[in-house]
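Below you'll find the structure, written out as structure tokens, and then a few comments.
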Amino acid sequence: MADTQEFFDYITAGYSTKGDAITMGAAMLNGETVTNALVKIPLKTMNRHGLIAGATGTGKTKTLQVLAENLSEQGVPVLLMDMKGDLSGIAQPSPGHPKIDERHEKIGIPFTAKKFPVEILTLSEQAGVRMRATVSEFGPVLLSRILDLSETQSGIVSVLFKYCDDNKLPLLDLKDFKKILQYATNEGKIALAKDYGRISPASTGAILRKVVEIEQQGGDLFFGEKSFETSDLQRIDENGMGYINILRLTDIQDRPKLFSTFMLSLLAEIYATFPEQGDSGRPELIIFIDEAHLIFKEASDALLDQIESIVKLIRSKGVGLYFVTQNPTDVPDGVLGQLGLKIQHALRAFTAKDRKAIKLTAENYPISKYYETDEALTSMGIGEAMISALNEKGIPTPLAVTLLRAPMSRMDVLENRELKDLIDNSRLIRKYNKEIDRESAYELLNKKIEEADQEDAREKAQKEKEAADKGSSSRRRSNRRSPENVWIKALTSPTVIRSVLGILSKLIK
């Protein structure tokens, strides 16, 4: 059996920090908590991304809640993707419980109940601050990747964006983009072919079907104005606490296309707008993505490449991404390799396949003389987790099975009345929840088509008038008497004929 004092020294040395840090709990040895052997995560390494994994019911959501609370307390804003709808209680303090006090006594830190500044966001018709983006903000490259278009189809999208830019046709929502696709196929195909090259109707039809797929998953609610400004995710309240922005996603769990579309656009916008931070010592924003497998579930290879690239690059903007899922294998290897913090709750082995997966998971963690990693993965209880982080120098910390601290806020959802009061008092509601449908490509192209139809009607009427005038003129000309007609009529008159016949009768006599 390992020496407790030796283990204590090993953990405290490995997790010692000089700057600000988040205390996650106390390390455990042989199933017992070693009081004051505190496991701390340096705040300056929180932009190195992370993973919270574990079987259902092992405490992943509460771990996410603890991290969000402590970040907020230190003035770091947070964005939470709330798939199950059970995070709104962060806005109210914990009612406390004797078991919580007992847990914290074992850990060696006091428990304090506290509420945190919360903003409720939404992508759908649920109550909350509406998050939107315009089609133009996506740009042709990102939009093509989200729609999973071929190289030829992507080229057509780029041409249509260029046409709209050249002709001052704003692409704001999906009906704008659908309209330019229809226009390029029908009324505008000649004009487009002249200046931008011929566009195949088969290709525009295929693109249109992909747009309809996004639209059916709720994309028509997401694309449009007013665009959400990413700077509003960085707010600090009057007490210096970072806002915890909770995005309610309970009604889009079965619409992974919309979720991945939103996530990629948000990360791209953050990367484009946030300034470079370098080694600033603290993150600017931390994003927790619950049920992370939904991002990758139906993502194309191109989309996965885009996500992986952004994960690599966005760290320099002071932004950390944390994926919450049941199994680390839900996250692609290219993304998994970028994660500095790993918090692994218990896994359950019911089949031979499960046992193989646990062995593979164990290999992702540093070797420790104090733990048999694969055994620890199946023996941890609720509220316990295996932690591997980075210290302030970027070196992996010792592996520690940890008794996690309890959330300071309520571990339950807000009541309907509490939720309504929170949303009604939001300053962002007035900014973003007014629908705007200004004149854009849809209206301008309709006007253009209408003007073209009117011009065609005028030209047709003019041609018909000219044809009618020509026919009338021909008839008048045919009725005029030519000299030949006059002589013929005179020679064949009854008087002349009678005279000729009289002369002939006299000659015969």
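The values are calculated or read from the model by the stated rules, or taken from the named source; none is laboratory data. All values reported here derive from a predicted model rather than from experimental measurement. Cβ placement follows ideal geometry from the backbone for every residue including glycine, while neighbour counts extend to all protein chains displayed.
Determine if the range 250-257 includes at least one residue that is closer than 12 Å to Met131 by Cβ and not hydrophobic (A, V, I, L, M, F, W, C). Checked against the condition, which is being closer than 12 Å to Met131 by Cβ and not hydrophobic (A, V, I, L, M, F, W, C), the range 250-257 yields no hits at all. Answer yes or no: is there a residue in the range 106-116 that is surrounded by 20 or more Cβ atoms within 10 Å (Cβ to Cβ), in contact with a Ser or Thr (Cβ under 6 Å, 6 or more places away or on another chain) and not in a loop (DSSP other than H, G, I, E, B). So far as the range 106-116 goes, no, none of its residues is surrounded by 20 or more Cβ atoms within 10 Å (Cβ to Cβ), in contact with a Ser or Thr (Cβ under 6 Å, 6 or more places away or on another chain) and not in a loop (DSSP other than H, G, I, E, B).
The residues of the range 377-412 that are out of contact with any helix residue (DSSP H, G or I) (no Cβ under 8 Å at 6 or more places or on another chain) and crowded, with 19+ Cβ neighbours inside 10 Å, listed by number, are Met380, Glu384, Ile387, Ser388, Thr402. Working only within the range 65-84, note down all residues that are closer than 12 Å to Ile287 by Cα and either of a type in the set (Lys, Arg) or not in a helix (DSSP H, G or I) (or both). Within the range 65-84, Val76, Pro77, Val78, Leu79, Leu80, Met81, Asp82 qualify.
For the range 35-49, taking the residues that are part of a helix (DSSP H, G or I) and of a type in the set (A, V, I, L, M, F, W, C), the one that is surrounded by the most Cβ atoms within 10 Å (Cβ to Cβ) is identified as Met46. Comparison of Leu294, Leu313 shows that the only residue that is of a type in the set (A, V, I, L, M, F, W, C) and surrounded by fewer than 21 Cβ atoms within 10 Å (Cβ to Cβ) is Leu313.
Restricting the range 193-230 to residues that are closer than 22 Å to Glu435 by Cα and of a type in the set (Asp, Glu) leaves a set whose member that is surrounded by the fewest Cβ atoms within 10 Å (Cβ to Cβ) is Glu229. Taking Pro332, is it more than 23 Å from Lys62 (Cβ to Cβ), buried (at least 19 other Cβ atoms within 10 Å of the Cβ) and assigned by TED's automatic domain parsing to the domain that holds Ala13? So Pro332 does not fit the description; no. If you go through the range 256-291 and pick out every residue that is among the basic types (Lys, Arg) and surrounded by fewer than 21 Cβ atoms within 10 Å (Cβ to Cβ), you end up with 1.
Checking each residue in the range 45-87 for being more than 21 Å from Ile310 (Cβ to Cβ) and touching a Gly at 6+ places or on another chain (Cβ under 6 Å) picks out Gly59, Lys60, Ser72, Gly75. When Gly96, Gly57 are checked against the criterion of being under 17 Å from His345 (Cα atoms) and assigned to a loop (DSSP other than H, G, I, E, B), a single residue qualifies: Gly57. Among all residue pairs at least 6 apart or on different chains, which show Cβ distances below 9 Å where the first residue, located in the range 200-218, is more than 12 Å from Gln153 (Cα to Cα) and the second is among the hydroxyl-bearing types (Ser, Thr, Tyr) and modelled with pLDDT under 85? Matching pairs, first to second residue: Ile214/Thr261; Gln217/Thr261; Gly218/Ser124. Within the range 63-78, residues that are outside the structural domain of Ser231 (by TED's automatic domain parsing) reach no partner that is surrounded by 23 or more Cβ atoms within 10 Å (Cβ to Cβ) with beta carbons closer than 7 Å at six or more positions or on different chains.
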